[in-house]
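Read through the structure below, which is laid out as structure tokens, and then see the notes.
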Amino acid sequence: MRVKLDLDALEGAVLGGLVLSAGGSGVKRGERNRRIGEQALDYGPLMMVTLDELEDDAGIIVATGVSAPGFAKAITSMRDSIQSAEMLIAATGGGRPAGVMPGHVPGLMAWMQAAVLGIPLVDAATNGRGHPTVKMGGMGLASRPEVAVTQAGCGGARDDRVEIVVTGSMAKTSTIMRAASVQNGGSLYATRGPFAASFVRQGGAPGAMSFATNLGRAMLAKPAGFARVEAAAAFLEGEVLVVGRVEANDVRYDGGFDVGRVVIAGDGGRITLHVYNEYMAADADGVRVRTFPDMMGSFDPATGAPIAINEMPVGREVAIVSGPRSAFPVGAGATDPAVFPEVEEKLGVPLAP
């Protein structure tokens, strides 16, 4: 179904997307996302289409970023996102894409690309929650080295820029893109594809954008405060794992990623969250209770607003919500066996089992 996006949809998309960013985004990023969405709407009518409305061979590009969301120090702008799309289109033959979707929600840069390029936003993503590596958003291609993927990215100041276009396997091009982002202080805006709509239906996360919007709307229907935390838990078919205070947060920037752990002690016991840009696993008193791509999110219990990992100093009161992977759209890249070893090695904890 074709839907015209408006400010009401934007509010839901921003809030629901912050929750589903799994600790990668908080209050400051939410304000920035809202501004991006408002500017996208200012360009004129912005439409969202479902995958069912597209022909099997319709080409969809993916608007994303390659970054450490909380601790990187980089210069990027909306122009970089648009330029990366233009670079990709030029490198892949110059044909106009049928639509654009984000790597994962909230995906407001996909709104901007859709508006500027004059193409629809597709109600899908490579994954329905935040993921740290491009391979995890690879829709299963990390295990298929014979498939060539083109990725383009750019960022930096006017007189000190990084611009890159690379074609090859998902694994190799993703490693190259990450290395390029490090040269820009840990972040680039990027675009990859195009991918056929038939492939996205099978390997992507159809409905991810509308799911995020509806999650946000369910929260906004409740008064500000803990009721919104409970609304998020209910929508995700999950639970509030703990309400307590941050006991430790040793997350640091390391080679293009935010890596470490956050420990919260409270009425739910002691919850340890393993971080690789986003929450990748949760242990309750030493026992694993959630593992990526399960959902874990952090909130201010007083306001009900999502908060990011870098907004959680020791002593801050937080609420942690979790939900099973079966409750929201998940792409094939999030369970691809090839994507886990590098994350497990860095975190020192098992994920794939």
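Each Lys or Arg adds one and each Asp or Glu subtracts one; over the other residues with Cβ under 14 Å from the Cβ of A265, this totals -1. Taking the Cα centre of segment 3-208 as reference, the dipole from Cβ charges on Lys and Arg (+1) and Asp and Glu (-1) amounts to some 760 debye.
The dipole here belongs to segment 102-254: it is taken about the Cα centre, uses +1 on the Cβ of Lys and Arg and -1 on the Cβ of Asp and Glu, and is about 200 debye. How would you classify segment 3-208 from its alpha-carbon gyration tensor, with a ≥ b ≥ c the square roots of the eigenvalues: rounded for a/c under 1.5, else prolate if a/b is greater than b/c, otherwise oblate? Since a/c stays below 1.5, the shape of segment 3-208 is classed as rounded. Relative contact order, whole percent, for segment 223-347 stands at 29, derived from Cα pairs under 8 Å and 6 or more residues apart. Extension gain for E342-R245 works out to 31.9 nm (0.36 nm per residue, less the C-alpha to C-alpha distance). With neighbours defined as other Cβ atoms within 10 Å of a residue's Cβ, the residues F340, F328 order from fewest to most as F340, F328.
Neighbouring Cβ atoms within 10 Å as the yardstick, rank Y253, Y279 fewest first. It would help to have the intermediate numbers written out before the result.
Details: Y253 17, Y279 27.
Placing the least packed residue first, the sequence is Y253, Y279.
Using only the alpha-carbon atoms, how far is helix 78-91 inclined from the longest principal axis of the chain? Give it as 0 to 90 degrees, nearest 10. Once rounded, the angle reads 40 degrees. The count of lysine pairs in the chain whose Cα atoms are under 28 Å apart, excluding pairs fewer than 8 places apart on the same chain, comes to 12. Taken as Cα centroids, segment 98-132 and segment 326-340 sit 18 Å apart, rounded to the nearest whole angstrom. Spin-label model, E163/R270: points 7 Å from Cα along the beta carbon direction are separated by 5.2 nm. Qualifying trypsin sites (Lys or Arg not before Pro) in segment 117-218, where qualification requires a DSSP coil assignment and no more than 10 other C-beta atoms within 10 Å, comprise R158.
Run the numbers for E11 and S198: contour at 0.36 nm per residue of separation, minus the present Cα-Cα distance, in nm. Numbers along the way, then the final one.
On the way: separation 187, 0.36 × 187 = 67.32 nm, distance 3.00 nm.
Gain in length upon complete extension: 64.3 nm.
With +1 on each Lys and Arg Cβ and -1 on each Asp and Glu Cβ, and nothing else charged, work out how big the dipole of segment 223-347 is about its Cα centre, in Debye to the nearest 20.
Values: 10 positive and 19 negative charges, 32 e Å.
Its charge dipole is roughly 160 debye.
Give me the extension gain from R79 to N214: residue separation times 0.36 nm, minus the current Cα-Cα distance, reported in nm with one decimal. Present the calculation step by step, with values, prior to reporting the outcome.
Working: separation 135, 0.36 × 135 = 48.60 nm, distance 2.89 nm.
The R79-N214 span can extend by a further 45.7 nm.
Bear in mind that the values in this text are calculations on the coordinates, not laboratory data. None of these values were measured; they are calculated from a predicted model. Ideal geometry is used to build each Cβ from the backbone, glycine not excepted, and the neighbour counts take in all protein chains shown.
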